[in-house]
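Novice: Okay, handing you the structure first.
The values are calculated or read from the model by the stated rules, or taken from the named source; none is laboratory data. What you are looking at is a predicted structure, and each value in this text was computed from that prediction instead of being measured. Heads up, the Cβs are rebuilt from the backbone with ideal geometry, glycines too, and the neighbour counts pull from every protein chain shown. Please note that ligands, DNA and RNA were not included when accessible areas were found on the heavy atoms of the full protein model with its side chains. Shrake-Rupley method; radii C 1.70, N 1.55, O 1.52, S 1.80 Å.
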2 protein chains.
Amino acid sequence: MAVTIKDVAREAQVHMSTVSRAFSMPHRLRPETRDRVLEAARILGYRPSRVARALTTGRTRNIGFIVADIANPFFPPMIKAAEHTARSRDHHLFIADASEDPAIEAELVDALAKQVDGVILCGPRIANAKIENLSETIPIALVNRKVTGIPSVTMDVVHGARVAIRHLLDLGHERLAYVSGPRQSWTNTQIRRTVGATAGDRGTVTVLGPNTPTEDAGMAVAAEIVRTGVTAVLAYNDLIAIGIIEGLDALGVSVPGDVSVIGIDDTVLGRLTRPRLTTINVPTADAGTAAVDLLLQYTAGDEDASRPAAHVSLPTELIIRDSTAPPRGSGS
Amino acid sequence: MAVTIKDVAREAQVHMSTVSRAFSMPHRLRPETRDRVLEAARILGYRPSRVARALTTGRTRNIGFIVADIANPFFPPMIKAAEHTARSRDHHLFIADASEDPAIEAELVDALAKQVDGVILCGPRIANAKIENLSETIPIALVNRKVTGIPSVTMDVVHGARVAIRHLLDLGHERLAYVSGPRQSWTNTQIRRTVGATAGDRGTVTVLGPNTPTEDAGMAVAAEIVRTGVTAVLAYNDLIAIGIIEGLDALGVSVPGDVSVIGIDDTVLGRLTRPRLTTINVPTADAGTAAVDLLLQYTAGDEDASRPAAHVSLPTELIIRDSTAPPRGSGS
DNA sequence: GATTTGTGTGCAAACGATTGCACGACACCC
DNA sequence: GGGTGTCGTGCAATCGTTTGCACACAAATC
């Protein structure tokens, strides 16, 4: 089978503990011994067994990364960044897809728990209480969710939504709609709360949904948008926004001529559609990196100390493209 | 710490080996003992340590999944499907992004080797020889590459490319170009060989590239396309095709008015662009599933037997949308 | 009733590393 | 020249499972 620490020990004529130390505490060995061991290891092509190491040290150097839907273009850049940072810290990433299902999500945490040092939940759909629960079993870091006592990184969608709504208001829209996403999404709640407050007495905001965050859901909601008579909509994400545009188009309603549409996420998709999508950029890659860093420094910390759970908030930005315009009949 | 098999043994008043057997060979236990053990395990919330199990059995029940670029929309559906199938077989998936770099790719295989039962290489950029090499260390399954003796699943791009070229020929195009992808890509080679042969004496095919499979690369090659004077191009993938369309547009060349463009992969993107992209559909999700199955049955097989390496070929299909049309000035 | 055949459990040795402890060698100090 | 350190290395226990072997007991065989 594979070459073990014992083989190296024999080859270098030392005890296996010495081999182990040649890697973990090289400075404590006589240089000549160290070199002999390292050379032997090199010749034999020795790579320590991460499994065996995990068993003694109790640390696997693996991280679980759970997302609601890998195929949602929001996630890949985040996964990619997370994987890269993890790797640069000599960690590997398990990835799992919860299919937007809270039960599966919780089950995945349990399943992964036995072979990771911690797990990152991205846009979790599980309840806060359950998360607190799970976090007693295994260190958890959150993306786009805040739970006291648990480290998290969020994107400032409140700011993003506020700017987006103001943009619509400034264009002259008075009847707005928010096409909401999954009920369990923290981001969704944040946005929903923000839109009404931002519109204030400058406009009314109808909330449509909840919806699954897919293009199909967006298409399906188009008819309802027309029925409500709003002239501008903010969608939970780009996927829904694009679906809405398609759906509206199918009904003969033009964007942005008749209705303005704003998405959220700034995925690749938005630049490609016609009209090109006005959307809120969120730094997904940064979030992936930050989440890994947070989790790692969390698990590295001494178990005793009641360290304050770190929280990172990332800035968002409105990208104005072609899916928004003044309402028909406005002066301009 | 976590509850171990010993805790369950104590609780159920049996030896730990009995606990172990209660899970692995329940039928060999007296029903009453088995139930007592299972009940104790349930109460304590026992989950066997995958790490410890891996150490004794030599099987981790983990799979490494290496792709060239997670953010390329070609991969996420494949990853998603692979993860789901793996999970249904009680396996977990490590995912790693090789950044289109052969050296990193090989290094990743080595790094993961110590904690997986096998690895799946998707669209590998490493040389065949190196793959054969690595496969002596660790079971490998391939997606979109054929190496004798190694199980693989490929998509029938030869058929796809043939149909695509014929489509262009039938529209009346005579001067074609193939905008190629990464040099190390097997798919790329297959297509390049096919296009010329298919055109035969009905048309000429200029090969442009190699290029990295990104939108930017596509944009960059637009000028060259104009210079060659071709009226239709087949691109290595959707990303490049979309870049080409953008680049052409920036040069005042219309698609499909002046130039027809066909992509490959049929990612989400293609339906969104205007004009909507004519492209070759490849079943990425099926490939992900098939690769996991192949690898699993490969690693399950007895080590001795020289089993014939299984190979799966998946069908492709031309999706005709709006980016292709007869050349300007043709009769129709 | 002695011998064979099962059946259900316990025992203990792996698996491949890490790590606290012990110990010999050597240098240093007074 | 006998204590006192320091340094480099070996020893062996440990992590949490699995699994071949042994053994006690019961049922079946002659």
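Novice: Given a 1.4 angstrom probe, what's the average accessible area per residue across chain B, in square angstrom?
Specialist: Per residue, chain B has 42 Å² of solvent-accessible surface.
Novice: Now for a different question. Calculate the FRET efficiency for residue B:55 and residue B:159 from the Cβ-Cβ distance with a Förster distance of 56 Å, rounded to the nearest 0.05.
Specialist: The formula returns an efficiency of 0.75 here.
Novice: Taking θ = phi - 60°, what integer Hz values does the Karplus form 6.51 cos²θ - 1.76 cosθ + 1.60 yield along region B:127-134, in sequence order, with x for Gly and Pro?
Specialist: For region B:127-134, the Karplus curve yields 6, 3, 4, 5, 5, 4, 4, 4 Hz.
Novice: Once the dipole of region A:176-319 is set up with Lys and Arg at +1 and Asp and Glu at -1 on Cβ about the Cα centre, which of A:295, A:189, A:275 lies farthest towards its positive end?
Specialist: A:275
Novice: Can you work out the FRET efficiency for the pair residue B:189 and residue B:23, with r the C-beta to C-beta distance and R0 = 56 Å, to the nearest 0.05? Numbers along the way, then the final one.
Specialist: Details: r = 48 Å, r/R0 = 0.86.
Computed FRET efficiency for residue B:189 and residue B:23: 0.70.
Novice: Would region B:191-330 count as rounded, prolate or oblate if I go by the C-alpha gyration tensor, calling it rounded below 1.5 in a/c and otherwise prolate when a/b exceeds b/c, oblate otherwise?
Specialist: Because a/c hits 1.5 or more and a/b exceeds b/c, region B:191-330 counts as prolate.
Novice: Okay, moving on. Can you tally the net charge around residue B:2? Count Lys and Arg as +1, Asp and Glu as -1, for every other residue whose Cβ sits under 10 Å from the Cβ of residue B:2.
Specialist: Around residue B:2, the charge tally is +1.
Novice: Return the subset of A:80/B:114; B:80/B:146; A:146/B:114 for which the Cα-Cα distance in this structure is over 28 Å, preserving the input order. Could you put the intermediate results ahead of the total?
Specialist: Numbers: A:80/B:114 22 Å; B:80/B:146 23 Å; A:146/B:114 36 Å.
Among A:80/B:114; B:80/B:146; A:146/B:114, the Cα-Cα distance tops 28 Å for A:146/B:114.
Novice: Additional query: Using a 1.4 Å probe on protein heavy atoms only, how many Å² of accessible area do B and A hide from each other, summed over both chains and rounded to 100? Write down the numbers at each step before the final one.
Specialist: Details: alone 16000 and 15990 Å², together 28080 Å².
Accessible area lost upon association: around 3900 Å².
Novice: OK, next. At 0.36 nm per residue, minus the direct Cα-Cα distance, what do residue B:44 and residue B:110 gain on full extension? Give it in nm, one decimal, please.
Specialist: That pair, residue B:44 and residue B:110, stretches by 20.0 nm at full extension.
Novice: As I understand it, the value is the acute angle between the Cα axis of helix A:284-300 and the longest principal axis of the Cα atoms of chain A; what does it come to in degrees, rounded to 10?
Specialist: 40
Novice: Tell me, in nm to one decimal, what length is gained between residue B:88 and residue B:317 on full extension, where the rule is 0.36 nm per residue of separation less the Cα-Cα distance?
Specialist: Taking 0.36 nm per residue and subtracting the Cα distance, the gain is 79.6 nm.
Novice: For chain A, what is the mean residue ellipticity at 222 nm derived from helices alone (per DSSP H run of n ≥ 4: -39500 (n - 2.57); sum divided by total residues; nearest 500 deg cm²/dmol)?
Specialist: -13500 deg cm²/dmol
Novice: Excluding residues on the same chain fewer than 8 positions from residue A:6, give the aspartates and glutamates whose Cα lies under 16 Å from its Cα.
Specialist: Straight-line reach from residue A:6, under 16 Å: A:39.
Novice: Quick one: with label points 7 Å out along Cα→Cβ, list the inter-copy distances for residue B:300 in nm, shortest first?
Specialist: The projected label point of residue B:300 is separated from its counterparts by 4.2 nm.
Novice: Next question. Relative to the longest principal axis of chain B, what angle (0 to 90°, nearest 10) does the C-alpha long axis of helix B:238-250 take?
Specialist: For B:238-250 against chain B, the angle is about 30 degrees.
Novice: Sum up the charges of everything whose Cβ sits under 10 Å from the Cβ of residue B:61, counting Lys and Arg as +1 and Asp and Glu as -1, but leave residue B:61 out.
Specialist: +2
Novice: How much length, in nm to one decimal, is gained on full extension between residue A:7 and residue A:130, taken as 0.36 nm per residue of separation minus their Cα-Cα distance?
Specialist: Difference between extended and current length: 39.6 nm.
Novice: For residue B:141, list long-range residues whose amide hydrogen, built 1.01 Å from N in the peptide plane, is under 5 Å from its own amide hydrogen.
Specialist: B:119, B:120, B:121
Novice: Roughly how many nanometres apart are two label points built 7 Å out from the Cα toward the Cβ at residue B:223 and residue B:32?
Specialist: Simple spin-label model gives 8.7 nm for this pair.
Novice: Quick one: which residues, 5 or more positions from residue B:207 or on another chain, have an amide H under 5 Å from its amide H? H modelled 1.01 Å from N in the peptide plane, none for Pro or chain starts.
Specialist: When sequence neighbours closer than 5 places are left aside, the close amide H contacts are B:178.
Novice: Can you name the chain A residue with its Cβ nearest the rotation axis from A to B, and give the distance in Å as a whole number?
Specialist: A:274, 2
Novice: Could I ask something else about it? Expressed as a whole number of Å, what is the distance separating the alpha-carbon centroids of region B:38-96 and region A:218-283?
Specialist: So the two Cα centres are separated by 37 Å.
Novice: Could I ask something else about it? Quick check: the angle from helix A:157-171's long axis to the longest principal axis of chain A, C-alpha only, nearest 10 degrees?
Specialist: 20
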